[in-house]
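A short write-up of the structure that comes next.
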Amino acid sequence: MKKKQTIAIINLNTPELVECCILSIRKHGCEWPIVVFDNSQDLTLPAGDELPARTIEAHPFKKRMKGVKVIDNTKGQQVDFDKALQAFPDRHKPHGEVNLWGSDRHMMTVQKLWELLPDGFILVESDILVKADISTLWREEYSFCGYVQKQQRGNRFGRGRILPMLCYFNVPKFRAEGVNYFDPDRSWMLHKGEDNPQNWYDTGASLLEDVLEHRPRLKGLHVDIRPMVVHLGGASWKNATLKQQAEWLKQNEELWSKPQTGN
């Protein structure tokens, strides 16, 4: 049976970015169904990374768009992050609290999407615009198709990862090998101690480790996605102001805007 080809985007208070991301996907030729998993909620972020303490108000995705389905997790209906994080009372704050363990929340969300979209999907981060037809990443002979970062800059243990920015996941292949996207024992700052090796698995790091462990059954394909995307980065916390996002969207308007029609 042919697998259902789907795009998945996670929204955390960035609906304008999500809308333009979708428009850029459509503009560059991919008409597949799109699922928006909406994690939007009020966030109170502590000071860190040269940023002041601040509050970000919930900003869910409400735009109705053809071929786009929204999965509402704004009240923890699918994944209750507060409850999930309480299972780790010794979680390391200096590197985790700055964005409320955003990497772990991201991994938990992708794990849920593996459950909800069992045929697999192409994950597209909300703060990118695409410059090419991303359907070319759907390669069912591979376990994943995306960018392998061999060593994450600043990672104390030099761990590499599969970047979540734009990546195809062949969920059936991973499920057959018993591999998950979120592994609580290999996560980001969920355990005690800055020197704890369990704490230095950013988004996609444990997955890369498992792919390498399960070769050749989980053979993946590294693709240089940089020519395919423009990336804002940190839109849910570091570049969270509407002004920053609007300026970035304006700078890259040609990637998502519809052509003007004459009278």
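Some observations on this one:
- Length-normalised contact order for the stretch 124-217 - Cα pairs under 8 Å, 6+ apart - percent: 26
- Highest-fluctuation residue, C21, C145, C30 considered, GNM on the chain with Cα pairs under 10 Å: C30
- Summed residue charge, Cβ within 15 Å of N39's Cβ, Lys/Arg positive, Asp/Glu negative: -4
- Among E213, E97, E31, the largest mean-square fluctuation in a Gaussian network model of the chain, built with springs joining Cα atoms closer than 10 Å, belongs to E213.
- Length-normalised contact order for the chain - Cα pairs under 8 Å, 6+ apart - percent: 23
- Partner aspartates and glutamates whose Cα lies under 15 Å from the Cα of K219, excluding those fewer than 8 positions away in the same chain, are identified as E140, E141, E177, E209, D210.
- For K69, a cut-off of 29 angstrom between C-alpha atoms picks up these lysines, skipping any fewer than 8 places away in its own chain: K2, K3, K4, K27, K83, K112, K131, K173, K238, K243, K250, K258.
- On the chain, 49 percent of the accessible area sits on carbon and sulfur atoms, based on a 1.4 Å probe.
- Helical runs assigned H by DSSP (4 residues or longer) give the chain a calculated mean residue ellipticity at 222 nm of -7000 deg cm²/dmol, each run adding -39500 (n - 2.57) before division by the residue total.
- Rolling a 1.4 Å probe over the protein chains gives I225 an accessible area of about 0 Å².
- Under the combined filter of DSSP loop state and at most 15 neighbouring Cβ atoms within 10 Å, the stretch 104-174 retains these trypsin sites (Lys or Arg not before Pro): R139, K150, R153, R156.
The values are calculated or read from the model by the stated rules, or taken from the named source; none is laboratory data. Nothing here was measured: the structure is a model prediction, and the numbers come from that model. Ideal geometry is used to build each Cβ from the backbone, glycine not excepted, and the neighbour counts take in all protein chains shown. The area values use the complete protein model at the heavy-atom level, side chains included, leaving out ligands, DNA and RNA. Shrake-Rupley method; radii C 1.70, N 1.55, O 1.52, S 1.80 Å.
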